[in-house]
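Below you'll find the structure, written out as structure tokens, and then a few comments.
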Amino acid sequence: MNKQPIYVTRSNLPALADVIPLLEEIWDRRILTNNGPVLQRFESALSDYLGVEHISLVANATLGTVLAMQEAGITSGEVITTPFSFVATSHAIKLAGATPVFADIDPITLNLDPTKIEALITPQTKALLPVHTFGVPCDTDGLAEVAHRHGLKVLYDAAHAFGVHRNGQSILQHGEMSVLSFHATKVFNTFEGGAVIVRDHETKLAIDRLANFGFDGTGAATAIGMNAKMNEFSAAIGLAQLCRIDEVLADRALVAQRYMERLSNIRGLSCPSPSVVVGHNHYAFPILIGPDFHVSRDELYKRLEEENIFTRKYFYPLISDMEPYKNLTSADPAGLPVARKIASEVLCLPLYPDLDIPTQDRVIEQLMKC
């Protein structure tokens with residue numbers, strides 16, 4: 001086989017010409033971390049771009065979620081979340097000291113279903129941790145209504161949701177806090193990194209303190225924190241990435257549009273991603289392989305791999321089927337029928353901004369041939 005491999009994602013890099021002046025600043029100052037000047041500029045520019053007022057930059061989204069839960073006082077009890085996510089969502093709950101409780105998902109959005117939450121609420125329930133899966137917004141109104149009625153906090157895992165808007169407003173404005181990931185595979189990356197979006201300045205300062213061992217600025221630790229700071233190099237990458245992020249999002253939309261046009265009428269194959277609309281970031285392009293398709297999802301995955309086309313069963317297995325969580329009461333398959341069905345059918349296709357038409361056509365043609 002001599003065909004070039006096509007991977008499910010390809011990390012976007014900023015232009016070196018945009019990065020080098022920032023690195024020269026870092027080399028000149030020799031300030032590498034601890035809220036340096038490049039980080040401060042990045043934080044301000046990112047806040048403006050996202051349309052949010054208060055943001056704390058962190059080393060990665062997992063640590064950011066732990067800090068958000070700690071600041072929200074969720075260090076025990078139960079947190080209702082989705083089993084259809086990357087395992088870091090549930091790991092963060094456990095690392096903060098609480099226990100995840102899995103609720104089923106909506107078959108259209110693939111997000112936490114507000115109608116499935118109420119039956120799982122107990123006196124130990126402290127919060128909800130929904131995920132904007134594949135960058136598709138959750139039913140934030142439905143989740144807020146359930147949370148308000150039961151006195152629960154809502155923290156959003158927005159790892160996939162960079163730049164996502166609904167009704168002209170950033171999706172990051174919902175809940176007590178939202179956490180973004182800037183991992184290398186995300187729509188916007190700083191190689192590694194993340195951010196916690198909060199509602200007020202005092203909470204931002206609290207997250208900043210917790211990300212720096214709990215220090216209050218006087219040299220004394222006033223809380224039990226950790227080292228979750230973003231460094232100057234990651235901040236420089238972030239500043240350079242912002243220069244071209246609109247172009248990146250537009251290119252991703254074109255790739256998604258081509259998939260939608262070519263694949264939407266294939267028997268047994270469905271495209272759950274929303275149509276190409278303003279405000280969606282096209283983090284991924286999942287397809288669902290139903291029983292009417294001529295081969296199973298797993299067989300399709302295998303045949304594509306044989307052609308050097310690498311897709312991803314994302315998210316499979318469910319978190320609730322993984323070793324650390326499979327013995328939880330809420331992990332019972334009987335309570336998660338939609339999530340189990342979706343996990344058995346989903347396949348994410350290659351999607352990145354520089355996926356050119358001939359390469360994408362190769363993916364599409366193999367899908368039609370398999």
Practice problem: From the list L143, L155, L128, pick out the single residue that is hydrophobic (A, V, I, L, M, F, W, C) and farther than 22 Å from N60 by Cα. | Solution: L143
Quiz item: Condition test on Y259, is it closer than 22 Å to A59 by Cα and among the hydroxyl-bearing types (S, T, Y)?
Solution: no
Quiz item: Any idea how many residues of the stretch 13-34 are open to solvent by 90 Å² or more (accessible area, probe 1.4 Å) and in contact with a Lys or Arg (Cβ under 9 Å, 6 or more places away or on another chain)?
Solution: 1
Quiz item: I237: open to solvent by less than 10 Å² (accessible area, probe 1.4 Å), modelled with pLDDT of 95 or more, among the β-branched types (V, I, T) and within 19 Å of L155 (Cα to Cα), yes or no?
Solution: no
Quiz item: Which residue pairs have Cβ atoms under 7 Å apart, sit 6 or more places apart or on different chains, and have a first residue in the stretch 253-268 that is in contact (Cβ under 8 Å) with a residue 24 or more places away in the chain and assigned to a helix (DSSP H, G or I) and a second that is open to solvent by less than 40 Å² (accessible area, probe 1.4 Å) and small (G, A, S)?
Solution: A256/S273
Quiz item: So which helices (runs of 4 or more DSSP H) are wholly in the stretch 271-370 and hold at least 2 residues that are more than 19 Å from V8 (Cβ to Cβ)?
Solution: 337-345
Quiz item: Just checking, how many residues over the stretch 113-170 are under 17 Å from A103 (Cβ atoms), part of a strand (DSSP E or B) and small (G, A, S)?
Solution: 1
Practice problem: Taking the options K94, K126, name whichever one is open to solvent by 50 Å² or more (accessible area, probe 1.4 Å) and more than 30 Å from G238 (Cβ to Cβ). | Solution: K126
Quiz item: Could you count how many residues in the stretch 135-154 are over 30 Å from R252 (Cα atoms) and of a type in the set (S, T, Y)?
Solution: 0
Quiz item: Which of the residues that make up the stretch 331-344 are over 15 Å from D106 (Cα atoms) and open to solvent by less than 20 Å² (accessible area, probe 1.4 Å)?
Solution: A331
Quiz item: Conditions: (1) of a type in the set (D, E, K, R); (2) touching a strand residue (DSSP E or B) at 6+ places or on another chain (Cβ under 7 Å); (3) open to solvent by 60 Å² or more (accessible area, probe 1.4 Å). K229 meets all but one. Number of the miss?
Solution: (3)
Quiz item: Quick check, is T75 closer than 15 Å to L155 by Cα and free of Cβ contacts under 8 Å to residues at least 40 places away in the same chain?
Solution: yes
Quiz prompt | Of all residues in the stretch 250-293 being open to solvent by 30 Å² or more (accessible area, probe 1.4 Å) and either touching a Gly at 6+ places or on another chain (Cβ under 6 Å) or small (G, A, S) (or both), the one that is nearest to A195 (Cα to Cα) | solution = A250
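Across the stretch 153-169, what is the total count of residues that are more than 21 Å from F84 (Cβ to Cβ) and more than 15 Å from the chain's Cα centre (by Cα)?
4
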Quiz item: What is the residue count in the stretch 173-193 for residues that are more than 20 Å from R244 (Cβ to Cβ) and touching a helix residue (DSSP H, G or I) at 6+ places or on another chain (Cβ under 6 Å)?
Solution: 4
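The values are calculated or read from the model by the stated rules, or taken from the named source; none is laboratory data. Please read these numbers as outputs of a predicted model, since none were measured by experiment. FYI the Cβ positions are ideal-geometry reconstructions off the backbone, even for glycines, and counts take in every protein chain you see. Side chains included, ligands, DNA and RNA excluded: accessible areas come from the protein's heavy atoms. Shrake-Rupley method; radii C 1.70, N 1.55, O 1.52, S 1.80 Å.
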